[in-house]
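Below: the structure, in structure tokens.
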Amino acid sequence: MTRIRYNLVKAALCAGAITTCLASAPAQAQVEIRVFPPPAFVVTASPEYYEGHATYWYQNHWYYRDGSAWRYYNEEPAHLRSFRGRHERGRQFYGRAHQGGLRRR
């Protein structure tokens, strides 16, 4: 009889522990997706040099290389902000032109 009681208490504790784990705060993804300038963009864009490295305006951030990694400024530096306002540089395109001709609507 003692053995049965021991097993019931043990099962109840295990069930309680499992319920507590499952009923805890919902899981949240800890993944942050970062998009960095692709090589085709870097090759065709004109950089602005700031703090000793080339920076590129890409998707509303100024990006720069730090060794083998890309970094960006969380807040746009004043120099780069004023540069962006004064200079709208064009980019060269070295890819193939669309061969399909004109599209009809």
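Annotations for the structure displayed:
- ARG84-VAL43 pseudo-label distance in nm [points 7 Å out on the Cα-to-Cβ vector]: 2.6
- Residue (of PRO77, TYR63, PRO47) at the positive-pole extreme of segment 39-86, dipole from beta-carbon charges: PRO47
- Extension gain, GLU51 back to ASP66 (0.36 nm per residue minus Cα-Cα distance, nm): 4.2 nm
Read-outs: derived from the displayed coordinates by stated rules, not from any lab. Every value quoted in this text rests on a predicted model; they were computed, and no experiment measured them. All Cβ positions, even for glycine, are placed from backbone atoms using ideal geometry, and neighbour counts span all protein chains on display.
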